[in-house]
Structures are given as C-alpha cells and as structure tokens.
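For reference, the structure is listed below as structure tokens.
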Amino acid sequence: MNLHKNCNHEKLISYGFRKYGNIYRYNLPIYKYKDKVVIECDFAVSLKDNTFEYEVIDNNTESSYIPYYNQSFSSFKNNIVYKKVSKAFNREIKKMMKESIIKDE
C-alpha cells in the first residue's frame with residue numbers, strides 16, 4: 001500500500017496518529033479477550049520516505065500474529081480469531097483510504 005498524495009501531517013494527526021521523530025504511529029486494538037487486548041495492529045507512516053507499514057501483533061507472544069501473515073495453513077481459514085482480525089484490519093484500511101491517508105495500489 002502506498003501513501004495517498006494528499007496525506008500530510010494534519011490528516012495523520014486528526015486520524016489518531018502520533019508523531020515520534022519522523023515517524024507517525026497509530027496503534028489499533030483489533031481483538032480483545034476479557035477486556036485485554038490480545039491482538040493489535042501497529043501502523044507506521046513516514047512522510048519523508050513516503051512509506052506506509054504495518055504489523056499485526058499477538059500480545060500473548062509479543063510477536064507477529066502468524067495466522068495473518070501465513071494463510072497457507074487451512075486451519076487458519078476456520079479460525080474465528082483470524083476472521084475477526086482480518087475483518088477489523090480490512091475495515092481500518094478502507095477507512096484510511098476514504099480519509100486519503102493511503103491509496104489502493
């Protein structure tokens with residue numbers, strides 16, 4: 001995914017990003033269990049480098065949420081958590097496109 005040509009400091013801040021040096025970060029809790037965030041997505045934008053990156057994180061293991069990145073295992077396709085994570089992530093991406101933060105490649 002690429003940054004939208006109209007993406008700027010004001011749009012990022014109003015969306016909820018916070019600036020840390022040259023990087024803007026936005027953390028989205030996408031799956032909770034008993035009021036504890038289990039899976040979240042960390043978005044990072046650099047206007048200077050014109051980059052948009054993200055990582056879906058499993059807070060139980062403090063690493064990437066493997067089912068999201070390795071969808072080749074058929075058991076993940078029936079995983080309720082994976083489905084909820086995928087749906088929430090896609091909804092957020094569409095929202096960012098609508099707000100002219102990112103554009104469809």
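Couple of notes before you dig in:
- Once the Cα atoms are used to define both axes, helix 80-98 deviates from the longest principal axis of the chain by about 10 degrees.
- Rounded percent of accessible protein surface that carbon and sulfur make up, the chain, 1.4 Å probe: 45 percent
- Met1 contributes an accessible area of around 70 Å² to the protein surface, as traced by a 1.4 Å probe with all chains present.
- Accessible area per residue for the stretch 18-101, computed on protein heavy atoms with a 1.4 Å probe, is 67 Å².
- Labels on offer are [x] 0.99; [y] 1.13; [z] 1.01, and the one holding Rg/Rh (Cα atoms, Kirkwood Rh) computed from this structure is [x].
- Heavy atoms of Val37 accessible to a 1.4 Å probe, total area in Å² rounded to 10: 40 Å²
- For the stretch 1-72, the list of trypsin sites (Lys or Arg not before Pro) that fall in a loop by DSSP and count at most 16 other C-beta atoms within 10 angstrom reads Lys5, Lys34, Lys48.
- By the helix-only formula, in which each DSSP H run with n ≥ 4 contributes -39500 (n - 2.57) and the sum is divided by residues, the chain has a 222 nm mean residue ellipticity of -9000 deg cm²/dmol.
The values are calculated or read from the model by the stated rules, or taken from the named source; none is laboratory data. From a predicted model like this one, the values you see are computed outputs, not experimental measurements. Don't worry about glycine lacking a Cβ; one is built from the backbone with ideal geometry, like all the others, and counts go over all protein chains shown. Heavy atoms of the whole protein, side chains included, go into the accessibility calculation; ligands, DNA and RNA do not. Shrake-Rupley method; radii C 1.70, N 1.55, O 1.52, S 1.80 Å.
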